[in-house]
1. Estimate the FRET efficiency between MET45 and SER6 by the formula 1/(1 + (r/R0)^6), using the beta-carbon distance for r and 22 Å for R0, to the nearest 0.05.
2. Using 0.36 nm times the number of residues separating LEU13 and ASP27, minus their current alpha carbon distance, what extension gain do you get?
3. What FRET efficiency do you get for THR35 and LYS65 if R0 is 35 Å and r is their Cβ-Cβ distance, rounded to the nearest 0.05?
Amino acid sequence: MIDIPSISAMVALGVFLWIIAVFLMVDGGILGERTTGITTLLGFMGMLIILITCMYALMSTKAKKSWKESQL
């Protein structure tokens, strides 16, 4: 199972990727023209990392709770 600091680090990585993508979209002159595809992919990757990490944390918490209930 993944511990809480790892989950926090993954969410932070997702937020970082998403913020970088937003920054590159707003200031499009950094990478040049026609690079919105790269920034869109970065944004989607960031959101997916956040979503998958949060879903895993919720599922592991639910599984842990049901395991404790079955032991009673």
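Every number in this text was worked out from the coordinates using simple rules, so none of it is lab data. Quantities reported herein were computed from a predicted structural model and do not represent experimental measurements. Reconstructed Cβ throughout: ideal geometry from the backbone, glycine too, with neighbour counts over all protein chains shown.
1. So, using R0 = 22 Å, E works out to roughly 0.75.
2. Additional length available on full extension: 2.9 nm.
3. Values: r = 45 Å, r/R0 = 1.29.
For THR35 and LYS65, the calculated efficiency is 0.20.
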